[in-house]
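Step one of this worksheet: look at the structure below.
Readers should treat all values here as calculations from the given coordinates under stated rules, not as data from a laboratory. Since the structure is predicted, the reported quantities are computational estimates derived from the model, not experimental observations. Here the Cβ positions follow ideal geometry from the backbone for every residue, glycine too, while neighbour counts run over all protein chains shown.
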Amino acid sequence: MSSLTPLSATDPEYQNIISHFDLPPSSYVIHSILKIKMDWIYADRFDNAIRWAWKKPDTYELFHGTRHACNVWELKYSNKLCDNTQCGVCGILKFGNLLKMAKPNFAGQYLWFSPRASYVQKYTGPLKPHDDGFRAMFVVSVIFGKHYLKSIITEYEENVLPKYLIIYKGNFENFEKQEIL
């Protein structure tokens, strides 16, 4: 099982992630950034994809938004994951990014990522009926991705390794106002 370690706001890794988090500052408050250590099976799978490539692949650090069915803010205090099969956050933390969970669209069935947090933000949020305002977004390492629209896509699960989970609370009235301008 993966483990989660909260980063301090003064940690250089935390600062690096925030420097690439391009949502308008008035539209969110960071609750926590958790460093993910995936189960060895998924880490080895990713390392093997790099190792066996005929040339050293480009590695991208990208954002991935997903929905959640649990109280994601509790992950800062406990590594306990929910058992809801529709919870994208807990599913990724347990099994990595699974192609079968990706919704097919006009481009086909791919795992989608973006260098822009503002682009994947629309794919975050709760599945359950009440909305406590919390959102979760992953920072993942991706190799061998194809560029498509504002995204990098891949059809191979072994090309993706979740590295960080950003948990934030949105003030989306401000975000929508700035997006309109």
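Miscellaneous remarks
- Overall form of region 10-88 per C-alpha gyration tensor (a/c, 1.5; a/b vs b/c): oblate
- Cross-link partners of Lys94 among lysines, defined as those whose alpha carbon lies under 24 angstrom from its own and excluding same-chain residues fewer than eight positions apart: Lys35, Lys37, Lys76, Lys80, Lys103, Lys122, Lys128, Lys163, Lys169.
- Full extension of the chain between Lys103 and Asp58 gives 13.7 nm of extra length, using 0.36 nm per residue less the Cα-Cα distance.
- Overall shape: rounded for the chain, with the ratio a/c of the largest to smallest alpha carbon gyration tensor axis below 1.5.
- Each of Met101, Met137, Met1 was scored by other Cβ atoms within 10 Å of its Cβ. Arranged with the fewest first, they read Met1, Met101, Met137.
- Shown in residue order for region 92-104 are the 3J(HN,Hα) couplings computed by the Karplus curve 6.51 cos²θ - 1.76 cosθ + 1.60 at θ = phi - 60°: 5, 5, 7, 10, x, 7, 9, 4, 5, 8, 6, 7, x Hz (x for Gly and Pro).
- Local electrostatic count, Asn48, Cβ distance below 13 Å [Lys/Arg +1, Asp/Glu -1]: -2
- Eligible lysines near Lys146 by straight Cα distance, threshold 17 Å, same-chain separation 8 or greater: Lys55, Lys56
- Net charge in the neighbourhood of Lys103 (other residues with Cβ under 14 Å of its Cβ; Lys, Arg +1, Asp, Glu -1) is +2.
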